[in-house]
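S.K.: What follows is a structure written as structure tokens; I'll ask about it next.
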Amino acid sequence: MYNCSNCKSNVCYQGKDCAKGYDFSYAAAKARNIYEQEEDNKILTVAGRIEVEHYMKYTRLEEIMEFCRLMEYRKIGIASCVGLSAEADILTKILSKEFEVHSVCCKSGGINKDDYGIPHLKKERYEATCNPAGQAEALNSIGTDINLIVGLCVGHDILFSKYSKAPCTTFIVKDRVLAHNPAAAIYSNYYKRKLL
């Protein structure tokens, strides 16, 4: 059993096996095999380079753009929540200055929630379900190099990532209560007391 979140020494940072009674060598060996694959090696190397060259200097958006440049990605897909359409529009405008950008809204396809027994927010109206697999398939058909998640619901983001052929990263995590900053729940004394 691993409990890295409770570690105070972080000896792994100096290359020591810190698993305390657990053999991490099997997992480490599997990871090394993954990193020896050409694309995975490039992703790992480029991510490390961005960390070193732009640590505490670049925003998440700037890091994504630099990552795309260094990976030689030209086509960027955006899978967005309909509730973050304005944010997706601004992101598209910024990225389109340099990249070919394709965005797909979560409600694309207009699939009825009733078809899957999904509850409605407002019972008296038609409601389309989010369609993360459809978003992934749409971007797959375009052949995007990378896909950005913009505010997809928990679970919908999982399905989108599962069916996306291109690598995915998250630009915005939806959290309507905390202004799309979910980490605030563990920084706020009120939420820590409430949740602990």
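S.K.: Which of the residues spanning the stretch 84-102 are surrounded by fewer than 17 Cβ atoms within 10 Å (Cβ to Cβ) and either small (Gly, Ala, Ser) or not in a loop (DSSP other than H, G, I, E, B) (or both)?
M.R.: Hits for the stretch 84-102 are Ser85, Ala86, Asp89, Ile90, Lys93, Ile94, Ser96, Glu100.
S.K.: Continuing with the same structure: Given the options Glu51, Glu100, Glu72, Glu38, name the one that is modelled with pLDDT of 95 or more and at positive phi.
M.R.: After applying the criteria, what remains is Glu72.
S.K.: Where residues in the stretch 103-131 are part of a strand (DSSP E or B) and over 23 Å from Phe171 (Cα atoms), which of them is farthest from the chain's Cα centre (by Cα)? Before you say what the answer is, go through the steps one by one.
M.R.: Going through the stretch 103-131, the residues part of a strand (DSSP E or B) turn out to be 103-105, 112, 128.
Add one more test, that the residue is over 23 Å from Phe171 (Cα atoms), and what stays is 112, 128.
Details: Asn112: 26, Ala128: 23 Å.
If we take residues in the stretch 103-131 being part of a strand (DSSP E or B) and over 23 Å from Phe171 (Cα atoms), then Asn112 is farthest from the chain's Cα centre (by Cα).
S.K.: What's the number of the only condition in (1) open to solvent by 80 Å² or more (accessible area, probe 1.4 Å); (2) assigned to a loop (DSSP other than H, G, I, E, B); (3) under 13 Å from Ile78 (Cα atoms) that Thr144 fails to meet?
M.R.: (1)
S.K.: Go through the stretch 147-159 and give me each residue that's open to solvent by less than 20 Å² (accessible area, probe 1.4 Å) and touching a Cys at 6+ places or on another chain (Cβ under 7 Å).
M.R.: To start, the set of residues in the stretch 147-159 that are open to solvent by less than 20 Å² (accessible area, probe 1.4 Å) comprises 147-152.
Passing the criteria: Asn147, Ile149, Val150, Gly151, Leu152.
S.K.: Identify the single condition in (1) surrounded by 13 or more Cβ atoms within 10 Å (Cβ to Cβ); (2) touching a helix residue (DSSP H, G or I) at 6+ places or on another chain (Cβ under 9 Å); (3) more than 30 Å from Lys192 (Cα to Cα) that Lys162 does not satisfy, given that it satisfies every other one.
M.R.: Answer for Lys162: the failing condition is (1).
The values are calculated or read from the model by the stated rules, or taken from the named source; none is laboratory data. This structure is a prediction, so every number in the text was calculated from the model and none was measured. Cβ coordinates were reconstructed from backbone atoms using ideal geometry, including for glycine residues, and neighbour counts include every protein chain displayed. We work out accessible area using only protein heavy atoms, side chains counted, and drop any ligands, DNA or RNA first. Shrake-Rupley method; radii C 1.70, N 1.55, O 1.52, S 1.80 Å.
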